[in-house]
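Here, each number is a calculation from the coordinates, and none is a lab measurement. Quantities reported herein were computed from a predicted structural model and do not represent experimental measurements.
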């Protein structure tokens, strides 16, 4: 969701379509916000002090068996529960 906000706000339909195509592809999976995800997110937030949205993202990745978590937030690379790669966000048009 976060990556779609700026293109939507800026009226950048091309970038918005690129994000939508990525999330509809086989590389990404939308994970339900289950009780298991909420419980794991609570544990992650309590133990590592990350913000609630980050804890939910990490928990969903761990619960779903994600192989690699991509983020532009270098503060998340200290989380040991999953392989994390810090990437540069897409350049602004």
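Take every pair of alpha-carbon atoms less than 8 Å apart whose residues are at least six positions apart; their mean separation over the length of the chain yields a relative contact order of 17 percent. Rounded to the nearest whole angstrom, the semi-axes of the ellipsoid equivalent to the chain, taken from the Cα gyration tensor as √(5λ), stand at 25, 15, 13, largest first.
222 nm [θ] for the chain, helices only, -39500 (n - 2.57) per DSSP H run of 4+, per residue, to 500?
Working: 4 runs with 47 residues, N = 93.
Calculated mean residue ellipticity at 222 nm is -15500 deg cm²/dmol.
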